[in-house]
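Questions regarding the structure given below will be posed in turn.
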Amino acid sequence: MPIQKTEKIWHNGTWINWDDATLHVASHVVSYGSAVFEGIRCYDTKQGPAIFRLREHMQRLVNSAKIYRMELAYSMEQFCNVATELVRRNKLNACYVKPIVLRGYGDAGVNPLTSPIECYMACWPWGAYLGKDANTKGVEVCISSWTRIAPNTLPAMSKAAANYMNSQLIRMEASFNGYTEGIALDSSGYLSEGSGMNIFLVHDGTVYTPPLAASVLPGITRASVMTLCEDFGIPVKEQVIPREMLYIADEVFFAGTAVEICPIRSVDRIAVGKGQPGAITKRLQEEFYALTTGTKPDRHHWLTPCNVPVAAGTR
Ligand SMILES: Cc1ncc(COP(=O)(O)O)c(C=O)c1O
């Protein structure tokens with residue numbers, strides 16, 4: 001999916017043209033991957049564009065920055081207001097909103113503390129991440145030979161650019177071997193997550209997902225899926241999961257902003273259940289779309305409409 005240029009990008013408190021959002025090649029982030037970011041979906045609802053779980057995403061951005069000692073000049077609420085204004089200014093409905101905080105042009109060398117912090121936010125139209133039929137038919141995935149970042153190496157709870165070098169290895173290997181995605185195991189050999197998405201499985205009516213200690217990103221879609229399971233009275237267990245549980249699961253699915261809720265129909269060419277999206281996956285997916293697109297009342301207050309400015313501290 002090529003990025004579609006839009007009109008305006010926010011940079012450190014000002015609105016600049018898309019083509020002016022450039023960086024010097026000697027910026028710290030270019031050599032050392034020193035950036036934290038978010039990926040957020042804005043949905044087209046009857047009430048106009050609305051951003052899904054905006055505050056939770058911006059809180060994670062602030063947390064990611066804090067882990068890397070990046071001092072922010074903006075609060076979570078300010079970032080939320082920028083996001084809604086960004087969508088309004090670019091006159092978009094459904095789109096992807098990407099705030100990024102990076103270390104810019106300053107001193108040479110690894111020490112990041114003397115390079116300036118730059119904040120940007122852009123948005124652009126965005127469709128299905130794993131192909132147009134992925135969410136209806138399901139995808140074929142493999143276990144990656146690459147292990148997820150180990151504890152105390154790169155912090156998995158921070159959505160940092162550098163983590164995505166590991167993700168790229170997982171994703172490239174899967175593509176070269178003819179799979180849509182790869183699933184990484186953690187450094188102890190237990191299930192972790194996909195290259196840019198969390199994973200769930202269903203076994204005997206219970207939904208399972210790996211814990212944060214398995215080097216997963218604390219996904220906002222992951223948390224939403226867990227809430228929907230609670231709403232439906234479906235038991236959810238966050239626990240260490242051995243690889244082979246994927247092969248005997250009744251259902252397996254990915255969850256993430258990009259993939260939304262995406263059924264997995266085989267793992268390492270072993271069919272998941274009957275090799276088709278399962279009933280629990282479909283029920284969660286249906287409810288997720290009903291809530292994100294506003295066709296059902298927003299009972300969890302997950303949507304922030306963009307057509308009205310957001311007051312500080314409110315949705
Ligand atoms: C590595 C990784 N895990 C999980 C997720 C899912 O997180 P979220 O649902 O907040 O998008 C993402 C997407 O941002 C990701 O990059």
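What follows is calculated from the coordinates using simple rules that are stated; it is not laboratory data. Fair warning: this is a prediction, and the values are worked out from it, not measured in the lab. Note that each Cβ is placed from the backbone with ideal geometry, even for glycine, and that neighbours are counted across all protein chains shown.
Taking the Cα centre of the chain as origin, work out the dipole magnitude from +1 charges on Lys and Arg Cβ and -1 charges on Asp and Glu Cβ, in debye rounded to 20.
The calculation lands at about 440 debye.
Principal axis lengths of region 156-213 from Cα atoms, whole Å, largest first?
Each principal axis gives a Cα extent; for region 156-213 these are 34, 30, 19 Å.
How far is helix 220-232 tilted off the main Cα axis of the chain, in degrees rounded to 10, range 0 to 90?
Long axis of 220-232 versus the principal axis of the chain: about 50 degrees.
Now, a different point. If I take every Cα pair under 8 Å that is 6 or more residues apart in region 178-232, average their sequence separation and divide by the length, what percent do I get for the relative contact order?
24 percent
Next question. For region 26-101, count the residues as N, evaluate 2.2 N^0.38 Å, and divide the Cα radius of gyration by that value, please.
1.19
May I pose another question? With r as the distance between the Cβ atoms of Lys137 and Asn307 and R0 = 41 Å, compute the FRET efficiency 1/(1 + (r/R0)^6) and round to 0.05.
0.75
Mind jotting down the distance between the C-alpha centroids of region 202-273 and region 125-175, whole Å?
Taking the Cα centre of each part, region 125-175 and region 202-273 sit 15 Å apart.
Kindly rank 213-222, 291-300, 142-151 from highest to lowest mean number of other beta carbons found within 10 Å of each residue.
213-222, 142-151, 291-300
Say the dipole of region 146-208 comes from +1 at the beta carbon of Lys and Arg and -1 at that of Asp and Glu; which of Thr153, Tyr179, Tyr190 then lies farthest toward its positive end?
Farthest towards the positive end: Thr153.
Same structure, new question: Where the convex hull is taken over the Cα atoms of region 74-215, what is its projected area averaged over directions, in nm²?
With the hull built on Cα positions only, its mean projection is 12.2 nm².
Still on this structure, I have one more. Please arrange Tyr289, Tyr96, Tyr120 by how many other C-beta atoms lie within 10 Å of their C-beta, fewest to most. It would help to have the intermediate numbers written out before the result.
Values: Tyr289 15, Tyr96 21, Tyr120 18.
Going from sparsest to densest Cβ surroundings: Tyr289, Tyr120, Tyr96.
For a bin width of 20 Å, list the pair-distance distribution of the chain built from all Cα-Cα distances, rounded to whole %.
The calculated distribution, bin by bin, is 32, 59, 9.
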